[in-house]
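Colleague: This is the structure I want to talk about, given as structure tokens.
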Amino acid sequence: MTATETIRPTHLRRKAYLYIRQSSLYQTEHNRESTQRQYDFKRRALSLGWSADQIEVIDDDLGQSGAQVTDRPGFQRLTADVGLGKVGIVLSLEISRLARNSSDWHHLLEICALSETLILDEDGLYDPNHFNDRLVLGLRGTMSEAELHFLKMRLQGGKLNKARRGELKLALPAGFVYDAQDQVVLDPDRQVQQAIHLVFRTFRKTPSAWGTVRALSVANVKLPVRARWRPVTGELTWEEPTLTRVLRLLRNPVYAGVYFYGRTRQRKGARPRALPREEWKVFLPNAHAGYITGEEFEKNQRILLENGLHVRKNGHRVPPREGPALLQGLVLCGRCGWKMTIRYYHRRESLEPVYVCQQACKERGAPRCQSIPGRTIDQAVGEAVARAVTPHSIEVALEVFEELRRRHEEVESLHQSQIERAQHEARLAERQFLLANPENRLVADALEARWNEKLRRLAAAEQAYTEWKEKQGVSLDLKGREQIRQLAEDFPRVWNHPNTSPRERKRMLRLLVEDVTLIRDRNLCVQLRWKGGATKTFRLPIPLNAFEAKRMPKDLLEDMAALAKNHTDEEIAHILNRQGRKSGTGLPFTRERVNQIRSYKRIESYESHLRKAGMVSSYVIMEKYGIDWKTLRQWRTEGRIRFVRCNRKQWLYEIPSSSQNTVHRKNGQPAAATNDASLDSINGSGQESCERGAV
């Protein structure tokens, strides 16, 4: 079918869209002839009967790949207008310019067939409604996608072949550069090398990425970072230490002298996925100089893996944390062999650790294997460690001192290098400013601003060095060495010092102890396994629970019951406190506390004993003798009636017999006064009773 037969008046009444695309910005800038040919293809539409004002050129996708439609607004607009019936013909110099993806290409064909839109390229005119044309267009779209695939495979194969020889130039992290022969060498900048070495040494001493970040932040150390963004790609900048930057540095095998390629894999529409080591395409150890050895790099990866929360299983040791549990991550269940976890409970404004074996509970829904309070065990293990470490404490302290001295010198050298760099840049900026022509104010102003910026950086570096020097609490000189020697002679005092944090105790413990096995039976069996393989076993009594710990001793309750026969609650509290005795909660006795304990334990009070002896209250006496409060108070003052004070505000009276009509006094004093005075003569057993008034 000829072009005149295919093109109908309905097509000519609609617009003609000329689609132009280049796959990259490089092609757009350098392959100008190809771009011009695509623009010149507009003449074919004019020759077929479309007027110039009907032809619309879509060149929004210059520099975009045809493998996907997401980043091609021009192709999206073309598809939308074709679907709306605005387009009579779609022109493109090559079918591959429209799409190199089968799904996008066949989607466009479906829309063109429904809207009766023609497709024209350099080879001919096609009507998607005709089977033969549709078959040819489908095959050409498939070939366009296959062509792109073959191009990628050839490029990837060339890169992989070059990478296997270690000759493919890759982007290098901070600390490495390419020399004149394109070989990877350490960055000649001394400050960069010192900073990276400091990161690895700090991680070696504090095996935690976050601990490394904290140490670097306290020392005001900045890390070198290689810029990955335009327009400063490849330039070296100095940034604050963050967890992401430290982890990226620790996990990069380039710092161990490894040349690698193909560490990640990315599928279409998905994020890159990290591959295990055995699936990397290229891994060449000792390919160039590094900051650490391959063995240290593997050790660092194991430590980072153990520190991760998502990989903690039985057998993995967790890093020391801030909690008070001394044996965190070291306790094994003596019954099932699984690791025991920790639970904390608030008790008396403190955290009480409890070691729990709950693996069977999590896996099978079974009851917990055993649960053991941890305070007593931690104290016993701490005492054992302190006794074991004391003979070697001086040697350990000297090694710690030497390490502190080396770290101090490294950090100080790094600060001095930073200051030297800032001074050099400031002097260079000053010379550039002085050499500038004063009449050219634009250049002079820019150079002056740069000079001021370098001076500010110099002042910031000097200020950071000064602040770091002020934070150093101990001077690392001969005097400091003697202080550490004196301190090492009393290791138990260092272990039990309140300023020693739980995390530091755990770190010291892990240098000596491999694990601790616990079995709860009639008592607690603790088996301590040292690093060398030796074991130490000891038994401890099972700690009392909260209820049992607060229970009053039986002998104390018996003594309180005996004292209540002759003494008030206030007197009982005074006697018990004088004997140095405490309540079940460890508190001293008061009148209210004695009253509460006596009521809970159903111990009769002094008042109850007096009433059983026949004594009555003031209301009974007033009713019996027909007197009022004033008369009763006068009788009591004059000693005409026998009385006893059973608490602060209550008196009990003995009903006088008919023969008693005179007042009896003892030593010339009213009997009531002797009840208070008798407290001074009470002995430890509390058997002496109070004196009473008599008539």
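Colleague: Could you please find all residues in segment 225-251 being closer than 22 Å to GLY290 by Cβ, in contact with a helix residue (DSSP H, G or I) (Cβ under 9 Å, 6 or more places away or on another chain) and not in a strand (DSSP E or B)?
Modeller: Matches in segment 225-251: PRO241, ARG245, VAL246, LEU247, LEU249, LEU250, ARG251.
Colleague: Also, quick follow-up: Name the helices (runs of 4 or more DSSP H) wholly within segment 507-610 that hold at least 2 residues that are at pLDDT 80 or above and more than 24 Å from SER371 (Cβ to Cβ)?
Modeller: It comes to 554-563, 569-578, 591-600.
Colleague: What tally of residues in segment 78-101 results from selecting those that are within 20 Å of THR35 (Cα to Cα) and charged (D, E, K, R)?
Modeller: 3
Colleague: Still on this structure: Restricting attention to segment 576-622, which residues are more than 30 Å from ARG633 (Cβ to Cβ) and among the aliphatic types (A, V, I, L, M)?
Modeller: Across segment 576-622, the qualifying residues are LEU576, LEU587, ILE597, ILE603.
Colleague: Condition check: surrounded by fewer than 13 Cβ atoms within 10 Å (Cβ to Cβ), under 24 Å from the mean Cα position of the chain (by Cα) and under 29 Å from ARG407 (Cα atoms). Does THR244 satisfy that?
Modeller: Yes, satisfied.
Colleague: Could you pull out the residue among GLY323, GLY290 that is in contact with a helix residue (DSSP H, G or I) (Cβ under 7 Å, 6 or more places away or on another chain), modelled with pLDDT of 90 or more and small (Gly, Ala, Ser)?
Modeller: Criteria check complete, one pass: GLY290.
Colleague: Let me ask something additional. Hey, could you check segment 69-106 for residues that are in a helix (DSSP H, G or I) and free of Cβ contacts under 8 Å to residues at least 12 places away in the same chain and say which is surrounded by the most Cβ atoms within 10 Å (Cβ to Cβ)?
Modeller: GLN76
Colleague: Another question, if that's okay. Tally time: how many residues in segment 231-278 are under 19 Å from PHE297 (Cα atoms) and out of contact with any strand residue (DSSP E or B) (no Cβ under 8 Å at 6 or more places or on another chain)?
Modeller: The total comes to 12.
Colleague: Yes or no: segment 268-280 includes at least one residue that is buried (at least 17 other Cβ atoms within 10 Å of the Cβ) and either touching a residue at least 40 places away in the same chain (Cβ under 8 Å) or not hydrophobic (A, V, I, L, M, F, W, C) (or both).
Modeller: no
Colleague: Under 6 Å between Cβ atoms, which residue pairs at least 6 apart in sequence (or on different chains) link something in segment 150-174 that is in contact (Cβ under 8 Å) with a residue 60 or more places away in the chain with a partner that is among the polar types (S, T, N, Q) and assigned to a loop (DSSP other than H, G, I, E, B)?
Modeller: Here the result reads PRO173/ASN252, each pair linking segment 150-174 to a residue that is among the polar types (S, T, N, Q) and assigned to a loop (DSSP other than H, G, I, E, B).
Colleague: Whether any residue in segment 16-30 is under 21 Å from ASP71 (Cα atoms), among the polar types (S, T, N, Q), without any contact (Cβ under 8 Å) to a residue 40 or more places away in the chain and not in a loop (DSSP other than H, G, I, E, B) is what I want to check.
Modeller: yes
Colleague: Separate question: Which residues, counting only those in segment 166-220, are of a type in the set (Phe, Trp, Tyr) and under 19 Å from LEU250 (Cα atoms)?
Modeller: Within segment 166-220, PHE176, PHE200, PHE203, TRP210 meet the criteria.
Colleague: Against the definition (outside any loop (DSSP other than H, G, I, E, B) and surrounded by 20 or more Cβ atoms within 10 Å (Cβ to Cβ)), how does PHE150 come out, yes or no?
Modeller: Judged against the criteria, PHE150 is not a match.
Colleague: Still on this structure, I have one more. Working only within segment 31-47, note down all residues that are surrounded by 15 or more Cβ atoms within 10 Å (Cβ to Cβ) and in contact (Cβ under 8 Å) with a residue 40 or more places away in the chain.
Modeller: Within segment 31-47, GLN38, PHE41, LYS42, ARG44, ALA45 qualify.
Colleague: Taking LEU170, is it assigned to a helix (DSSP H, G or I), among the aliphatic types (A, V, I, L, M) and exposed (fewer than 15 other Cβ atoms within 10 Å of the Cβ)?
Modeller: For LEU170, the condition - assigned to a helix (DSSP H, G or I), among the aliphatic types (A, V, I, L, M) and exposed (fewer than 15 other Cβ atoms within 10 Å of the Cβ) - is not met.
Colleague: For segment 389-397, indicate whether the set of residues that are at pLDDT 70 or above, in a helix (DSSP H, G or I) and in the same structural domain as PRO502 (by TED's automatic domain parsing) is non-empty.
Modeller: Within segment 389-397, not a single residue is at pLDDT 70 or above, in a helix (DSSP H, G or I) and in the same structural domain as PRO502 (by TED's automatic domain parsing).
Colleague: Confirm whether THR637 is in a loop (DSSP other than H, G, I, E, B), surrounded by fewer than 16 Cβ atoms within 10 Å (Cβ to Cβ) and modelled with pLDDT under 85.
Modeller: When the stated conditions are applied, THR637 does not pass them.
Colleague: Scan segment 562-603 for residues that are aromatic (Phe, Trp, Tyr) and surrounded by 12 or more Cβ atoms within 10 Å (Cβ to Cβ) and jot them down.
Modeller: Across segment 562-603, the qualifying residue is only PHE589.
Colleague: Ok, one more. Where residues in segment 565-586 are out of contact with any Lys or Arg (no Cβ under 7 Å at 6 or more places or on another chain) and hydrophobic (A, V, I, L, M, F, W, C), which of them is nearest to CYS646 (Cα to Cα)?
Modeller: It comes out as ILE572.
Colleague: Here's something else I'd like to know. Hey, any hits in segment 192-205 for a residue that's of a type outside the set (A, V, I, L, M, F, W, C), more than 24 Å from THR264 (Cβ to Cβ) and exposed (fewer than 13 other Cβ atoms within 10 Å of the Cβ)?
Modeller: No, segment 192-205 has no match at all.
Colleague: Please list, ordered by first then second residue, the pairs with beta carbon atoms under 9 Å, 6 or more apart or interchain, first in segment 452-465 and in contact (Cβ under 8 Å) with a residue 40 or more places away in the chain and surrounded by 17 or more Cβ atoms within 10 Å (Cβ to Cβ), second assigned to a helix (DSSP H, G or I) and of a type in the set (D, E, K, R).
Modeller: From segment 452-465, the pairs are ALA461/ARG421; TYR465/GLU412.
The values are calculated or read from the model by the stated rules, or taken from the named source; none is laboratory data. Being a predicted model, the structure only gives us computed values, none of them experimental. Cβ atoms come from the backbone with ideal geometry, glycine included; neighbour counts cover every protein chain shown.
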